[in-house]
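Once you've had a glance at the structure underneath, I'll fire off some questions.
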Amino acid sequence: GQQQRVGIARSLAVKPDIWFLDEPFSALDPLIRHEMQDEFLRLQSMLNKTIVFITHDFDEAIRLADRVAIMFEGEIQQLATPEEIITAPATDYVAEFTKNVPREKILRIHTIMTPASGEVVGDRRVSQSDRIADAAAMILEQDAPVSVVDDNNALVGTVSRKNVIDALFTPDA
């Protein structure tokens with residue numbers, strides 16, 4: 001991990017407008033790789049730079065990226081957010097490439113909620129930006145729908161057990 005830290009520091013020393021990293025964590029064991037990804041995310045939020053990050057690890061791509069490009073035979077098949085790639089694959093190749101990706105790790109609550117039509121429901125609430133994986137257990141424990149709020153804590157919708165189950169087990173949900 002130390003060599004990767006030094007390499008990343010050197011790449012930043014020239015103060016690039018666009019930071020290009022080609023498989024920077026590929027040779028690391030899983031624990032150090034995860035630590036380096038955390039450090040990378042921390043640096044990215046501090047530096048506020050555009051980063052082109054090349055990886056063959058789709059889990060790494062969806063963890064680190066705002067937008068992902070999926071390539072086949074040297075051509076970009078789709079350039080989109082991880083959510084868009086999963087919910088609206090642009091080509092058969094992208095659909096095949098992502099068919100076994102755990103949807104709950106990528107999709108956020110706003111993609112499965114029912115828009116608000118009244119007041120806050122109960123005392124349980126989730127953020128519209130929460131990943132389904134992070135909120136599913138709490139939602140599935142509830143008998144009634146759970147309120148979905150935005151960053152200002154304003155009601156934007158509700159999410160129910162059925163919404164979660166459909167998202168997890170219905171390919172086109």
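The values are calculated or read from the model by the stated rules, or taken from the named source; none is laboratory data. Just so it is clear, the structure is predicted and the values come from calculations on it, not from any experiment. Cβ placement follows ideal geometry from the backbone for every residue including glycine, while neighbour counts extend to all protein chains displayed.
Check whether at least one residue in the range 105-121 is out of contact with any Pro (no Cβ under 6 Å at 6 or more places or on another chain), within 20 Å of Val68 (Cβ to Cβ) and surrounded by fewer than 16 Cβ atoms within 10 Å (Cβ to Cβ), and report yes or no.
Taking every residue of the range 105-121 in turn, at least one turns out to be out of contact with any Pro (no Cβ under 6 Å at 6 or more places or on another chain), within 20 Å of Val68 (Cβ to Cβ) and surrounded by fewer than 16 Cβ atoms within 10 Å (Cβ to Cβ).
Same structure again: Report every pair of residues separated by at least 6 positions or lying on different chains whose Cβ atoms are under 8 Å apart, first residue within the range 66-80 and in the same structural domain as Tyr93 (by TED's automatic domain parsing) and farther than 15 Å from Asp92 by Cβ, second at pLDDT 95 or above and not in a strand (DSSP E or B).
Ala80/Ala90
Write out, first by first residue and then by second, each pair whose Cβ atoms fall under 7 Å of each other, whose residues are 6+ apart or on separate chains, and whose first residue, in the range 38-62, is assigned by TED's automatic domain parsing to the domain that holds Glu84 and surrounded by fewer than 16 Cβ atoms within 10 Å (Cβ to Cβ) while the second is part of a helix (DSSP H, G or I) and of a type in the set (A, V, I, L, M, F, W, C).
Leu41/Leu64
I'd like to verify a number: residues in the range 123-160 that are closer than 26 Å to Ala95 by Cα, part of a helix (DSSP H, G or I) and among the charged types (D, E, K, R), how many?
1
Taking the condition touching a residue at least 24 places away in the same chain (Cβ under 8 Å), touching a Leu at 6+ places or on another chain (Cβ under 9 Å), among the hydrophobic types (A, V, I, L, M, F, W, C) and under 21 Å from Ile62 (Cβ atoms), does Ala133 pass?
Working: touching a residue at least 24 places away in the same chain (Cβ under 8 Å): yes; touching a Leu at 6+ places or on another chain (Cβ under 9 Å): yes; among the hydrophobic types (A, V, I, L, M, F, W, C): yes; under 21 Å from Ile62 (Cβ atoms): yes.
Yes: the conditions hold for Ala133.
Assess whether Thr91 counts as being of a type in the set (Val, Ile, Thr), outside the structural domain of Ala136 (by TED's automatic domain parsing), more than 30 Å from Asp166 (Cα to Cα) and loosely packed, with under 15 Cβ neighbours inside 10 Å.
no
Given the structure, is Thr158 among the hydroxyl-bearing types (Ser, Thr, Tyr) and modelled with pLDDT under 90?
no
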